[in-house]
1. Summing Lys, Arg as +1 and Asp, Glu as -1, what charge do residues with Cβ under 15 Å from the Cβ of Ala63 carry, Ala63 excluded?
2. Contact order normalised by length for region 114-257, with contacts defined as Cα pairs under 8 Å and 6 or more residues apart; what percent is it?
3. Mind putting a number on the dipole of the chain about its Cα centre? Charges go on the C-beta only, +1 for Lys and Arg and -1 for Asp and Glu, and I need it in Debye to the nearest 20.
4. Which far-off residues, 5 or more places away or on another chain, put their amide H under 5 Å from the one on Cys18, with H placed in the peptide plane?
5. Zone of Leu263 (label point 7 Å along Cα→Cβ, backbone N under 18 Å): which residues in region 191-224?
6. Sort out the exposed loop chymotrypsin sites (Phe, Trp or Tyr not before Pro) in the chain (DSSP loop, at most 14 other Cβ within 10 Å) and tell me the longest stretch that has none.
7. Convert each backbone phi in region 215-225 into a coupling constant with the Karplus relation 6.51 cos²θ - 1.76 cosθ + 1.60 (shift: θ = phi - 60°), then list the ³J(HN,Hα) values in order as whole Hz, x for Gly and Pro.
8. Quick one: with all protein chains in place, what share of the accessible area of the chain is carbon or sulfur, to the nearest percent (1.4 Å probe)?
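The values are calculated or read from the model by the stated rules, or taken from the named source; none is laboratory data. No experiment lies behind these values; they were computed from the predicted model shown. Here Cβ is always computed from backbone atoms with ideal geometry, including for glycine, and neighbour counts include all displayed protein chains. Only protein heavy atoms, including side chains, enter the accessible area calculation; ligands, DNA and RNA are left aside. Shrake-Rupley method; radii C 1.70, N 1.55, O 1.52, S 1.80 Å.
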Amino acid sequence: MSETAPLVAGIELGGTKCICILARGPDAIEDRVQLPTTRPEETLAGIEAVLDRWSGFVGLGIASFGPVSIDRNAADFGYITSTPKPGWANQNVGERLRRHAGVPTGFHTDVVGAALAEARWGAASGLADIAYATVGTGVGVGLIAGGLPVDGLTHSEFGHIRPVRVPGDDWVGSCPYHGACVEGLAAGPAIKARTGIAGPDLADDHPAWDLVAHALGQLVHTLVLTGVPRRIVMGGGVMVGNDHVFPRVRAAAKASLAGYVALPEVADMDTFVVPPALGGNAGPLGAIVLGGQALQHHLGHTYA
């Protein structure tokens, strides 16, 4: 990592823990601090105390659990909005930390942060157009096009698409909103709700894995049809450490697409759908990218 890269403070605000890093990139991390995510005032004050200990950073990036408001023209830009996490709904995270730090600040979802980091330094390095899907407690997707998050009215919620079901499978699903959406069929809580067994303890040959893979194959199908990703990185507790899941998901996606998108990148599913490379630093490093992009926008030139 070049020493000419700007020094940026990155905050990954998760539902259970918050990771703060001071870095220029994955090979130049100057400090890393982990805090529990408790009450908003306690957690945000703890982050501010960490920022106060650091010096020399010229940008700040925040990759937060959501849902969050990412519309810069909205009055609640930078807020966590309708989260069920007690006390955190309608919390002004982005603007509060921007004012405290006094530097250009980027704000987005934690899954978009992970996507940005994997695109710059990880499993999709060198590709400007990718998707990062996390399959764990929930299912979320970050889309990156041209090296930037795909933004609009709000962030994507691909975890809640309604997939085609396996014939004969009429389980209602576990999502409180949509029942048998992808999250309601394939997330960790869904696996336990269907089988009575937590994913890490579920035998590799349990028939439920084929149902999980089918739903995730539908997710890959949908992402391919957006026309955006040149690679799909899939992380989270359901995918990472379960090597048998990836071949099933790839096969399900290939069968679902049925050759419709006749591109070599998509045809080679082994290199198109891949595990992450940055591990637990993907989210915090994504915040570093967000901070660097905010600095780039502020200065009006390219940050690379």
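1. On the way: positive: Lys17, Arg32, Arg98, Arg120; negative: Glu12, Asp110, Glu118, Asp151.
Result for the local shell: 0.
2. Working: 253 pairs, mean separation 39.8, N = 144.
The normalised contact order for region 114-257 reaches 28 percent.
3. In debye, rounded to 20, the chain gives about 280.
4. Under 5 Å from the amide H of Cys18 lie the amide H atoms of Leu35, Thr37, each far enough along the sequence or on another chain.
5. Of the residues in region 191-224, 218-224 have backbone N under 18 Å from the label point off Leu263.
6. Result for the longest clean stretch: 1-176.
7. 4, 5, x, 5, 5, 4, 3, 4, 5, 4, 6
8. 53
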